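Student: Just passing along the structure, written as structure tokens.
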Amino acid sequence: MKKLILGIVLANLLVACASDKAKESASSSTPAATTAEAKASAEAKAAADAKVAADAKAATEAQTAADAKAAAATASTDSANQAADLTNNRSVYFPFDVDAVQAADRATIQAHGAYLRKNKGAKVRVEGNCDERGSSEYNLGLGQRRANSVKKALIIAGAKAAQIETVSYGEEKPRAAGHDEASWAQNRRADIVYSTK
């Protein structure tokens with residue numbers, strides 16, 4: 001668009017330069033005709049410049065409107081993607097006997113923290129879970145430490161402490177019923193559950 005406007009302006013300048021040479025040769029032959037031609041040429045140039053300026057303004061306004069529309073579409077898409085991410089990624093997983101949030105789950109926590117920061121009325125419950133290995137008391141404590149780690153990470157990501165409640169279910173709510181590493185890996189988690197109140 002800028003190249004088109006620049007081309008129009010350059011063409012007008014070339015026309016103006018060419019008409020000045022014609023004015024010079026005409027002025028040497030007849031001064032009265034030269035004055036009338038110069039006035040007509042100046043009026044034509046002014047009209048052409050006004051048209052170029054109007055076209056440039058219209059082009060700029062059209063580009064601004066198109067940019068605003070594209071930005072709104074991108075924001076809408078980003079918002080929809082964020083909502084889908086929050087719905088699909090509500091669990092944070094842990095290695096065996098570990099309560100520290102892993103790097104693989106930081107993006108999930110960042111997304112939930114950003115959502116909670118923007119939505120001050122939203123509340124979540126972080127539910128800590130463990131696999132079946134270990135005593136019930138130990139797993140309840142480990143589940144609570146996992147929930148607390150996720151809460152701290154959510155606060156760092158922008159959520160307020162008052163928006164987050166933690167609870168430990170230990171080994172009481174397994175996601176997978178198997179007795180192998182694949183099942184245990186699914187059960188070692190903290191779930192981020194949004195309140196419906």
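Derivation of every value follows stated rules applied to the coordinates shown; laboratory data play no part. Just so you know, these numbers come straight off a predicted model, no measurement behind them.
Student: If you only keep lysine pairs separated by 8 or more in sequence, or across chains, how many in the stretch 91-194 come under 12 Å at the Cα atoms?
Tutor: The result is 6.
Student: May I ask you to evaluate 6.51 cos²θ - 1.76 cosθ + 1.60, the Karplus curve with θ = phi - 60°, for each residue of the stretch 179-192 and list the ³J(HN,Hα) values in order in whole Hz, giving x for glycine and proline?
Tutor: Taking θ as phi minus 60°, the curve returns 10, 9, 4, 4, 6, 4, 4, 6, 8, 8, 7, 10, 9, 9 Hz for the stretch 179-192.
Student: How are the Cα pair distances of the stretch 97-143 distributed, in percent, across 5 Å bins from 0?
Tutor: 5, 17, 19, 19, 16, 14, 8, 3
Student: List, in order, the whole-Hz ³J(HN,Hα) value for each residue of the stretch 94-110 obtained from phi through the Karplus relation with A = 6.51, B = -1.76, C = 1.60 and θ = phi - 60°; use x for Gly and Pro.
Tutor: 10, x, 4, 6, 10, 10, 7, 5, 8, 4, 5, 9, 5, 5, 4, 5, 4
Student: Classify the stretch 91-194 as rounded, prolate or oblate from the Cα gyration tensor: take a ≥ b ≥ c as the square roots of its eigenvalues, call it rounded if a/c is under 1.5, otherwise prolate when a/b beats b/c and oblate if not.
Tutor: It is prolate, given that a/c is not under 1.5 and a/b is the larger ratio.
Student: Grab the Cα-Cα distance for D97 and A182, subtract it from 0.36 nm times how many residues apart they are, and report the gain in nm with one decimal.
Tutor: 29.1 nm
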